[in-house]
1. Within region 26-55, count every residue that is surrounded by 14 or more Cβ atoms within 10 Å (Cβ to Cβ) and within 13 Å of the chain's Cα centre (by Cα).
2. Failed condition for residue 75, given (1) at pLDDT 90 or above; (2) more than 10 Å from the chain's Cα centre (by Cα); (3) buried (at least 17 other Cβ atoms within 10 Å of the Cβ), with all others met?
3. Conditions: (1) part of a helix (DSSP H, G or I); (2) at pLDDT 95 or above. Residue 27 meets all but one. Number of the miss?
4. Examine region 77-85 for a residue that is in contact (Cβ under 8 Å) with a residue 12 or more places away in the chain, under 30 Å from residue 2 (Cα atoms) and part of a helix (DSSP H, G or I), and state whether such a residue exists.
């Protein structure tokens, strides 16, 4: 697998985790907003490698339903776990990028 392929796959993983963190942050920020519907992020494999973030709202359509007095249903403990998972996902993808860079540098040193 070439470095550009590894980089593309790792960067797409980082983007998924950034989306996961952003959605979780919105959930926490709106946890006291009546009618707010918390979102969840899943990832989907892309043809040729990498992943894309898919955001789904628990009501199936949108982050909020104006005029609804129902509590948001946001569980702050779940959000914290999601945030920690996103952080670890970013760290793992950065580690892959660093390892690929090290391998490429070693190969270039052998060729030179």
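1. Residues meeting the conditions: 8.
2. (3)
3. The failed condition is (2).
4. Yes, because at least one residue in region 77-85 is in contact (Cβ under 8 Å) with a residue 12 or more places away in the chain, under 30 Å from residue 2 (Cα atoms) and part of a helix (DSSP H, G or I).
The values are calculated or read from the model by the stated rules, or taken from the named source; none is laboratory data. What you are looking at is a predicted structure, and each value in this text was computed from that prediction instead of being measured. FYI the Cβ positions are ideal-geometry reconstructions off the backbone, even for glycines, and counts take in every protein chain you see.
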